[in-house]
Amino acid sequence: MAATRPIRLFRNLTAKIAAIPMILTALVVFVGGTAWTVTYSFTSSKLLPRTKFVGLDQYERLWATPRWLVSIENLLIYGVCMMVLSLVLGFLLAALLDQKIRYENTFRTILLYPFALSFIVTGLVWQWLLNPDFGIQSVIHRLGWESFDFNPLYNADIVIFGVLIAGLWQGSGLVMCLMLAGLRGIDQEIWKASRVDGIPAWKTYIFIIIPMMRPVFITTLVIIASGIVRLYDLIVAQTGGGPGIASDVPAKYVYDYMFQGQNLGQGFAASTMMLLAVLVVVIPWAYLEFGGKKRV
Amino acid sequence: MSDPASLSATVAGADAMAPALSGPRGPKPRRRFSRRNVFIYGTLIVVALYYLLPLYVMIVTSLKGMPEIRLGNIFAPPVEITFQPWVKAWAEACTGLNCDGLSRGFWNSVRITVPSVILSIAIASVNGYALANWRFKGADMFFTILIFGAFIPYQVMLYPLVILLREMGIYGTLTGLVLVHSIFGMPILTLLFRNYFTSLPEELFKAARVDGAGFWQIYLQIMLPMSLPIFVVAMILQVTGIWNDFLFGVVYTKPDLYPMTVQLNNIVNSVQGVKEYNVNMAATLLTGLVPLVIYFVSGKLFVRGIAAGAVKG
C-alpha cells in the first residue's frame with residue numbers, strides 16, 4: 001500500500017488534518033489521561049489534585065480498606081459467574097437456535113432485546129421483581145410455599161447473585177448472538193463428515209465444534225470481561241451498593257471517592273488497579289490475536 | 001384473599017401472550033413430531049418466556065393503581081387499567097426540588113443524543129475513511145492506541161477529562177457531555193467505518209483520484225452515498241449507547257441537565273416519600289422505550305451493529 005503511493009509530508013495533508021480529532025483523542029485523552037491518573041495515584045491528593053508524592057501510600061491504604069476488599073471480592077464472584085454462565089447459556093441457546101428451527105428470528109429477537117435496555121432500566125426492573133414484599137418471593141408465598149426464601153437484595157451474603165441474575169438477563173443475548181455467528185461460520189461439511197462417521201451430535205459439539213470456535217470464544221470472553229470491569233450502573237440502580245457496602249464494586253468505589261468522598265488520591269489508586277486488571281486480560285489476548293502476524 | 005381469581009387471571013394473561021410469543025408451534029411440515037423437536041421448542045419457549053417476563057411485569061405494574069399492587073400479585077394483569085402512573089411519571093414525578101417529571105430528562109437526553117450521534121459519526125467516518133484510503137505515516141499507531149483505549153476503564157479517564165473540560169469552560173454543560181460521548185464513541189465507530197471502507201473496491205477510489213478528486217470530494221461524492229447502510233448501523237449503535245449512558249451523564253452534567261437515565265434512577269431510588277411502584281415502572285418503561293423501539297424496528301441492523309462493534313471484522 002505504502003509502496004505504491006510514495007508518502008510525502010504534504011501529500012496527505014488533508015487526511016492528516018481530518019485525522020486530528022482521532023490523534024488528539026488517542027494522545028491527549030487515552031494516553032495522556034491514563035498517564036495523568038497513574039501519576040497522581042502516587043500523590044496525596046484530597047479535594048484537589050496535588051503534586052505531593054507519597055509513593056505507594058495510597059495503594060497501601062487502598063488494600064487495607066475493607067470496602068475495597070469487598071468490592072474486589074464482589075467483582076471476582078460476579079466476574080467468574082458471569083463469564084462461565086453467560087458463555088454456557090449463550091452457547092447452549094445458540095446451539096438450539098442453530099438446529100434449523102422455525103421462528104429463529106422471533107426467538108433471537110426475544111433473547112436479545114434486554115441488551116438494548118440500559119443497565120439502569122435492567123437494575124430497576126429486577127429490583128422490583130426481587131422486591132421481598134411484592135416480587136417473586138411474595139408470589140411464591142401466596143402460592144402456598146411459605147418457607148420459600150429468596151431475598152437477595154436485602155441479604156448481604158447473596159446480594160451479588162441478585163445482581164448476577166439481572167446481569168445475565170441483560171447480557172446473555174449478546175453472547176448468544178456472537179456464538180450463533182461463530183456456529184454459522186463452521187463449514188457444513190464438518191457436520192456431514194461427523195454424521196457419516198456416526199458421531200453423536202453432542203460429541204461433535206464438544207470435541208470438534210467448540211475447539212474450532214476457539215477464536216470466537218476468546219473474543220467473546222474479552223468482551224464480557226471488559227464489560228464486567230465496568231460494572232457500575234447496574235449496581236447503582238439495583239442495590240445502590242447495599243445493603244451497607246455488601247454489593248460494592250471497584251467502579252463504584254472509584255466514583256464515590258473521586259466525586260463524593262473528596263479523596264482523589266484513593267480514587268486514582270483504585271482506578272489504576274482497575275486498569276491493571278484490564279491490562280492483565282487484554283495484553284495476552286492482543287498478543288495472541290495480533291502478535292506474530294502483521295495486522296490484517 | 002382473591003387468590004384463585006388472580007391465579008386464573010395470571011393463566012389467562014399467559015395464554016393471551018403465548019401466540020404472540022411463539023407463533024404456531026410444532027414440527028416442520030415435512031418432519032415428524034419428534035422428541036427432539038419437542039425438546040428444542042419447549043426449551044426455547046420456556047427461555048423466551050423467562051426473558052419476556054420482566055418486560056411483561058413492567059407493563060402490567062405500570063398500568064395498575066397502588067392499592068391493587070399492594071394486594072395483588074405482580075404477575076397478574078391489571079384489573080382496572082389506569083394511565084395515571086404514566087402521566088405522573090412523565091409530568092409530575094419529583095427529583096429533589098423539581099417536580100416536572102421525566103419529561104425534563106427526556107428532552108435533556110434528546111438534546112444530548114442528537115448532537116452526540118451526529119458529531120461522533122461525522123468524526124469517526126472521516127477517521128475511518130482516512131485510515132482506509134489515505135494511510136499516512138503513524139496512522140496505524142494512532143489507530144492501535146485508539147482501539148486499546150476502548151478497553152481502558154472509563155474511571156481512569158474520568159478525572160483528567162473533568163480538568164480538560166473545566167479548562168475549556170464547558171464542564172457541566174451539554175456541550176461538554178456531547179464532546180465526551182464523541183470521544184468515547186470514537187474507537188468502536190472508527191473501527192466500524194475503517195473496516196467498511198476497506199471492504200469497498202479500491203479501484204473506485206483510484207479512479208476518482210485519477211480524475212483529480214481530492215480528499216473531501218471523494219468522501220462526500222463517492223464514499224458517503226455508497227455507505228448509507230453502515231451509517232445506519234453506526235446510528236443505531238450510538239443512539240442506544242448514548243441514550244443508555246449513565247456514568248458520563250452523572251459526572252459531566254449538572255442536576256437540571258441530567259439525562260433521562262440519571263433522572264430515572266434519582267426518581268426511583270430516592271429515599272424520601274412513599275414508594276409508588278407503578279409510577280416507578282412507568283418511568284422505567286418510558287426510559288427504556290426509545291432503545292426498545294429502535295431495537296424492534298431495526299431488527300437485523302441492530303444485530304449487525306453489535307456484531308460489527310464486538311467482533312473485529
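Structure data summary
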quantity: Where A meets B: accessible area buried, both sides, 1.4 Å probe, Å²; calculated: 8900
quantity: Sum of -39500 (n - 2.57) over DSSP H runs of 4+, divided by residues of chain B (222 nm, nearest 500); calculated: -23500 deg cm²/dmol
quantity: Neighbouring partner chain Cβ atoms per residue of A:171-179, average, 10 Å criterion; calculated: 2
quantity: The stretch A:25-75: trypsin sites (Lys or Arg not before Pro) in DSSP loop, at most 14 other beta carbons within 10 Å; calculated: A:LYS46, A:ARG50, A:LYS52
quantity: Cβ charges +1 (Lys, Arg) and -1 (Asp, Glu), total dipole of the protein assembly as shown, debye; calculated: 2160
quantity: In degrees, nearest ten, helix B:228-243 long axis to first principal axis of chain B (Cα); calculated: 50
quantity: Inter-site label distance for B:TRP107 and B:LEU53 at 7 Å from Cα along Cβ, in nm; calculated: 4.0
quantity: Chain A - charge dipole about Cα centre, Lys and Arg +1 at Cβ, Asp and Glu -1, debye rounded to 20; calculated: 1540
quantity: Neighbourhood net charge (15 Å Cβ-Cβ; Lys/Arg +1, Asp/Glu -1) for A:PHE42; calculated: +2
quantity: Cysteines not pairable in the protein assembly as shown (beta carbon separation under 4.7 Å absent); calculated: A:CYS81, A:CYS177
quantity: By average C-beta atoms within 10 angstrom, highest first, the peptides A:229-238, B:35-44; calculated: A:229-238, B:35-44
quantity: Area accessible to solvent at A:LYS192, 1.4 Å probe radius, in Å²; calculated: 110
quantity: Virtual spin-label span in nm between A:ALA156 and B:ARG36, 7 Å along Cα→Cβ; calculated: 5.3
quantity: Residues listed by number, the stretch A:23-60, amide nitrogen under 17 Å from A:VAL280 label point at 7 Å toward C-beta; calculated: A:59-60
quantity: Amide N of the stretch B:33-77 lying under 15 Å from the label point, which is placed 7 angstrom from the Cα of A:GLN99 along Cα→Cβ; calculated: B:33-48
quantity: Distance from the stretch B:147-225 to the stretch B:236-285 (C-alpha centre basis), Å; calculated: 28
quantity: Pairwise FRET efficiency - A:ASP187 versus B:VAL271, Cβ, R0 = 45 Å, nearest 0.05; calculated: 0.20
quantity: Area of A:TYR255 that stays accessible when all protein chains are in place (1.4 Å probe, Å², to 10); calculated: 20
quantity: Which of B:LEU200, B:LEU49, A:LEU62 is most accessible, then next, and so on - probe 1.4 Å; calculated: B:LEU49, B:LEU200, A:LEU62
quantity: The protein assembly as shown - percent of accessible surface contributed by carbon and sulfur, probe 1.4 Å; calculated: 68
quantity: Helix-only CD estimate at 222 nm, as mean residue ellipticity for chain A, using -39500 (n - 2.57) per DSSP H run (n ≥ 4); calculated: -19500 deg cm²/dmol
quantity: When each of A:LYS16/B:LYS206; B:LYS88/B:LYS275; A:LYS252/B:LYS275; A:LYS100/B:LYS300; A:LYS203/B:LYS300; A:LYS252/B:LYS88 is checked by Cα-Cα distance, pairs over 23 Å; calculated: A:LYS252/B:LYS275; A:LYS203/B:LYS300; A:LYS252/B:LYS88
quantity: Interchain or long-range residues, amide H under 5 Å from A:THR43's placed H; calculated: A:VAL54
quantity: Helix runs (DSSP H) in chain A reaching 24 Å along axis by Cα, Kyte-Doolittle at least 1.0; calculated: A:66-97, A:159-184, A:264-290
quantity: Two-site FRET efficiency, A:PHE148 against B:GLU80, from Cβ-Cβ distance with R₀ of 22 Å, rounded to 0.05; calculated: 0.15
quantity: Cleavage-rule hits (GluC sites (Glu not before Pro)) in the stretch A:81-189: DSSP loop, at most 13 neighbouring Cβ within 10 angstrom; calculated: A:GLU146
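The values are calculated or read from the model by the stated rules, or taken from the named source; none is laboratory data. Everything numeric in this text was worked out from a predicted model, so none of it was measured. Heads up, the Cβs are rebuilt from the backbone with ideal geometry, glycines too, and the neighbour counts pull from every protein chain shown. The protein model used for the area step is the full one, side chains on, heavy atoms only, and it has no ligands, DNA or RNA in it. Shrake-Rupley method; radii C 1.70, N 1.55, O 1.52, S 1.80 Å.
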